[in-house]
Amino acid sequence: MATRAPAGRPPPRLTAMLERLRQLLFGTLRRQLILGVALVHGVMMTLFIWDLTTRQRTMLLDRQTEHATALARSIATTSAGWVAARDFYGLQEIVLTQSRYPELLFAMILDTRGQVIAHSDTLRLGQFVNDLPVNPSARSDIILLSHNADLVDVISPIILAGRQVGWARVGLGQRIIGQQMDVLIRDGILYALAAIVIGSLLAGYMGRRLTRRLDAIQQVSDAVHNGDDSRRVEVEGDDEAARLAHQFNEMLDGLADRERELRDREAHLHTLLQTLPDLVWLKDENGVYL
């Protein structure tokens, strides 16, 4: 019959698995050093890539906004006379010319009521747009209607002789920007992995060099524990490991001197007891020697 773990405690199998995982990751100084360096590199590179992609995305979006603004102003300036003359064929030609622009989703010319009088999609002709700016003070310059990762939508008033005669509206997509960001993120991930691997290899080399010197101390300690007190640590250099080895050797030398001194005293006492005549020790009823 299977036994159940006490409430509040993990099952024994899970506990054993966690212990094996802990030994695998943190069982030695070398593993701790490698894991620590890998984690530091991973966190730093992740933050760097996130910051870089955020800045790059903002820069590309701002540049796309500038392009949409310039295109809307150009259409507004070019079409002013055609709007006043109600030359719809000329206006349509102006709009269709913009279709060659990269990332263009739509380009349209509207009258002051919001009716489409020219559009890059001819099926939209004659329809009405209901999201035009309503603030009269805002009709003197470019207005940004949408500014996100999917669409940059700007609208510019068409001014003729100081009077507004219509609107020029342009929408640009973000497909190319998205592709550029995908490439940037992919390259950033590759660089991050390369940095983690290189850092881990370097940490492994340094950890091996460090633990190899500590292993020399451990081997001598094991030998002394097993009864071979003649072994000493041989570590060159002047770093912490070398100083530790030197102090460890001095401690072993001090223990060896004390052990020899104790053996000499024990031999002297044994000789003394062998040469003395037999002694009789007397004690009273309270157990005190007389």
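Rundown of residues vs (1) farther than 30 Å from L47 by Cβ; (2) touching a Pro at 6+ places or on another chain (Cβ under 9 Å); (3) not aliphatic (A, V, I, L, M), yes/no style:
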| residue | (1), (2), (3) |
| --- | --- |
| I109 | yes, no, no |
| L145 | yes, yes, no |
| I155 | yes, yes, no |
| G166 | yes, yes, yes |
| I189 | no, no, no |
Query - Among residues of region 179-218, those that are of a type in the set (S, T, N, Q), under 19 Å from the mean Cα position of the chain (by Cα) and surrounded by fewer than 13 Cβ atoms within 10 Å (Cβ to Cβ), counted - result: 0
Requested in this report: Tell me, yes or no, whether region 167-178 has at least one residue that is in a helix (DSSP H, G or I), touching a Phe, Trp or Tyr at 6+ places or on another chain (Cβ under 7 Å), over 30 Å from Q115 (Cα atoms) and open to solvent by less than 50 Å² (accessible area, probe 1.4 Å).
Outcome: no
Requested in this report: Just one of (1) at pLDDT below 85; (2) open to solvent by 80 Å² or more (accessible area, probe 1.4 Å) trips up T77, so point out which.
Outcome: (1)
Requested in this report: Would you confirm whether any residue within region 246-268 is within 29 Å of V40 (Cα to Cα) and either at pLDDT 75 or above or in contact with a Lys or Arg (Cβ under 9 Å, 6 or more places away or on another chain) (or both)?
Outcome: no
Report summary line: Those residues of region 83-102 which are closer than 21 Å to D131 by Cβ and under 49 Å from the mean Cα position of the chain (by Cα) amount to V95, Q98
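Condition check ((1) open to solvent by less than 20 Å² (accessible area, probe 1.4 Å); (2) in contact with a His (Cβ under 6 Å, 6 or more places away or on another chain); (3) in contact (Cβ under 8 Å) with a residue 24 or more places away in the chain) across all residues:
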{"residue": "M59", "(1), (2), (3)": "no, no, no"}
{"residue": "R63", "(1), (2), (3)": "no, no, no"}
{"residue": "T69", "(1), (2), (3)": "no, no, yes"}
{"residue": "R73", "(1), (2), (3)": "no, no, yes"}
{"residue": "G81", "(1), (2), (3)": "no, no, yes"}
{"residue": "F88", "(1), (2), (3)": "no, no, yes"}
{"residue": "Y101", "(1), (2), (3)": "no, no, yes"}
{"residue": "L105", "(1), (2), (3)": "no, no, yes"}
{"residue": "L110", "(1), (2), (3)": "yes, no, yes"}
Requested in this report: Being modelled with pLDDT of 75 or more and in contact with a Leu (Cβ under 6 Å, 6 or more places away or on another chain) is the filter here, so list the residues in region 1-52 that pass it.
Outcome: L35
Report task. Looking only at region 147-164, decide whether some residue is over 25 Å from D87 (Cβ atoms), assigned to a strand (DSSP E or B) and open to solvent by 60 Å² or more (accessible area, probe 1.4 Å). Result -> yes
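The values are calculated or read from the model by the stated rules, or taken from the named source; none is laboratory data. None of the values given here were measured: they were computed from a predicted structure. Counting neighbours? That spans all protein chains shown, and the Cβs are built from the backbone with ideal geometry, glycine included. All accessible areas refer to the heavy atoms of the entire protein, side chains included, with ligands and DNA or RNA removed. Shrake-Rupley method; radii C 1.70, N 1.55, O 1.52, S 1.80 Å.
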